[in-house]
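**Student:** Below you will find the structure I want to go over with you.
The values are calculated or read from the model by the stated rules, or taken from the named source; none is laboratory data. Note that the structure is predicted; figures quoted are calculated from it, not measured. Virtual Cβ from ideal backbone geometry, glycine too; neighbours counted across all protein chains shown. For accessibility, only protein heavy atoms count, side chains too; no ligands or nucleic acids. Shrake-Rupley method; radii C 1.70, N 1.55, O 1.52, S 1.80 Å.
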Amino acid sequence: MTDYKYRYPVVLTIAGSDSSGGAGIQADLKTISSLGVYGASAITAITAQNTQGVRGIQTVEPEIVKEQISAVFEDIKVDAIKLGMLHNRQAAQLVADSIDRYNPAHVVLDPVMISTSGSKLIDDEAIETIIRELFPRASLITPNTTEAGFLTGVAIHSLADMEPAARKLLSLGCKAVLIKGGHLEGEEKIDILYTTTHEPIKLTAETVHTANTHGTGCSLSSAIASFLALGNRLPEAVRLGKEYITLALEAGKDVRSGKGHGPVNHFFAPEPLVKIPLTE
């Protein structure tokens with residue numbers, strides 16, 4: 001009989017599938033794996049898309065989404081979950097119920113609503129459920145400026161506009177909000193982490209000039225979830241996640257993959273799977 005002494009840190013991603021492989025579940029699993037963490041998944045929707053846009057979306061039956069999540073949690077120790085595209089109200093609600101049932105230590109919510117190419121990805125009825133049920137259950141939400149503006153009604157054209165939007169999001173029950181400034185013009189890309197307990201933390205990186213930005217939001221949130229699963233505190237996990245996505249953008253900036261917004265290079269410096277002591 002094998003004497004098991006170790007296990008892998010695990011991130012469960014609950015999100016939609018991207019047939020082109022640059023975003024969604026595929027980008028999540030690439031990111032998680034590249035950081036030495038074991039990735040599990042529950043697929044909420046199947047998209048037909050490529051680097052130029054989304055052609056169609058088919059939701060997965062809620063019962064199957066629920067069974068995917070429970071199958072993972074009832075067998076494997078999950079250290080963090082990452083939430084991506086929750087296309088309808090039913091999916092958002094069952095995820096909230098699953099969080100209550102299994103009580104994961106970390107929940108990173110990327111409020112996916114609009115793709116890089118401008119295609120709408122989320123059902124209108126899902127938004128209220130996500131705000132009401134998932135915001136208070138999340139350790140961190142990671143909207144870009146477009147998503148933060150959509151959710152709060154605050155138009156974000158500068159760094160100064162981020163704070164009132166973040167305060168509104170925190171008032172909705174979020175524990176922490178990372179507003180991503182990648183859509184703002186400038187030679188630096190600045191994200192700001194807001195919490196209910198500490199002063200805002202500004203994270204700055206030089207702008208990488210490239211069209212290959214497909215799936216950057218998915219990859220960043222998965223990286224943060226992975227660094228949380230590896231035992232980092234939230235500010236450090238966010239800093240490391242920002243560093244990872246910047247380097248992935250730089251490594252993939254001159255590679256053509258498709259005719260539109262190509263993917264980042266997730267595997268610019270892959271780590272072997274980490275082993276941590278088995279305690280249960």
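**Student:** Just check the range 14-96 against the gyration tensor rule for me: Cα atoms, a ≥ b ≥ c as the square roots of the eigenvalues, rounded for a/c under 1.5, and otherwise prolate or oblate depending on whether a/b exceeds b/c.
**Tutor:** Details: a/c = 2.41, a/b = 1.15, b/c = 2.10.
Oblate.
**Student:** May I ask you to derive the FRET efficiency for Glu67 and Tyr6 from their Cβ-Cβ distance with R0 = 25 Å, giving the value to the nearest 0.05?
**Tutor:** Efficiency at R0 = 25 Å is approximately 0.35.
**Student:** Roll a 1.4 Å probe over the protein heavy atoms and report the accessible area of Phe227 in Å², nearest 10.
**Tutor:** 30
**Student:** Which percentage, to the nearest 5, of the DSSP beta bridges contained in the chain is antiparallel? Let's see the in-between values first.
**Tutor:** On the way: 19 of 41 bridges.
In the chain, DSSP labels about 45 percent of beta bridges as antiparallel.
**Student:** Dividing the Cα convex hull volume of the range 190-263 by residue count, how many Å³ per residue is that? Let's see the in-between values first.
**Tutor:** Working: hull volume 6.5 nm³, N = 74.
Value for the range 190-263: 88 Å³ per residue.
**Student:** While we're here: Can you give the Rg/Rh ratio of the range 1-144, where Rg is from the C-alpha atoms and Rh is the Kirkwood radius? Please list the in-between numbers first.
**Tutor:** Values: Rg = 15.1 Å, Rh = 15.5 Å.
Rounded to two decimals, Rg over Rh is 0.97.
**Student:** Here is a further query. Taking a cut-off of 35 Å, what percent of all Cα-Cα pairs in the chain are separated by more than that?
**Tutor:** Details: 3860 of 39060 pairs.
Here the tail beyond 35 Å accounts for 10 percent of pairs.
**Student:** Shifting gears a bit: How large are Rg and Dmax for the range 71-185 when only the alpha carbon atoms are used, in Å?
**Tutor:** 14.4, 46
**Student:** Would you please give the FRET efficiency between Ile76 and Glu236, computed as 1/(1 + (r/R0)^6) with r the Cβ-Cβ distance and R0 = 25 Å, to the nearest 0.05? The partial results should precede the final answer.
**Tutor:** On the way: r = 25 Å, r/R0 = 1.00.
Calculated transfer efficiency: 0.50.
**Student:** Accessible area per residue for the range 72-223 in Å², computed with a 1.4 Å probe and the full protein assembly in place, what is it? Please list the in-between numbers first.
**Tutor:** Values: 6470 Å² over 152 residues.
Heavy-atom SASA per residue in the range 72-223 reads 43 Å².
**Student:** Can I ask one more? Can you check what the Kirkwood hydrodynamic radius comes to for the range 49-108, Cα pairs only, in Å to one decimal?
**Tutor:** Details: mean 1/r = 0.0776 Å⁻¹.
Radius from the Kirkwood sum: 12.9 Å.
**Student:** Using a ≥ b ≥ c from the Cα gyration tensor of the range 151-241 (square roots of the eigenvalues), is it rounded, prolate or oblate, where a/c under 1.5 gives rounded and otherwise the larger of a/b and b/c decides, a/b for prolate? Spell out each step's value before the answer.
**Tutor:** On the way: a/c = 1.69, a/b = 1.03, b/c = 1.64.
In terms of gyration-tensor shape, oblate.
**Student:** Still on this structure, please answer the following. Considering only protein heavy atoms and a 1.4 Å probe, what is the carbon-and-sulfur percentage of the accessible area of the chain?
**Tutor:** Values: 6660 of 13050 Å².
Of the solvent-accessible surface of the chain, carbon and sulfur hold 51 percent.
**Student:** Related question: Excluding ligands and nucleic acids, what accessible area in Å² is computed for Tyr6 using a 1.4 Å probe, to the nearest 10?
**Tutor:** 120
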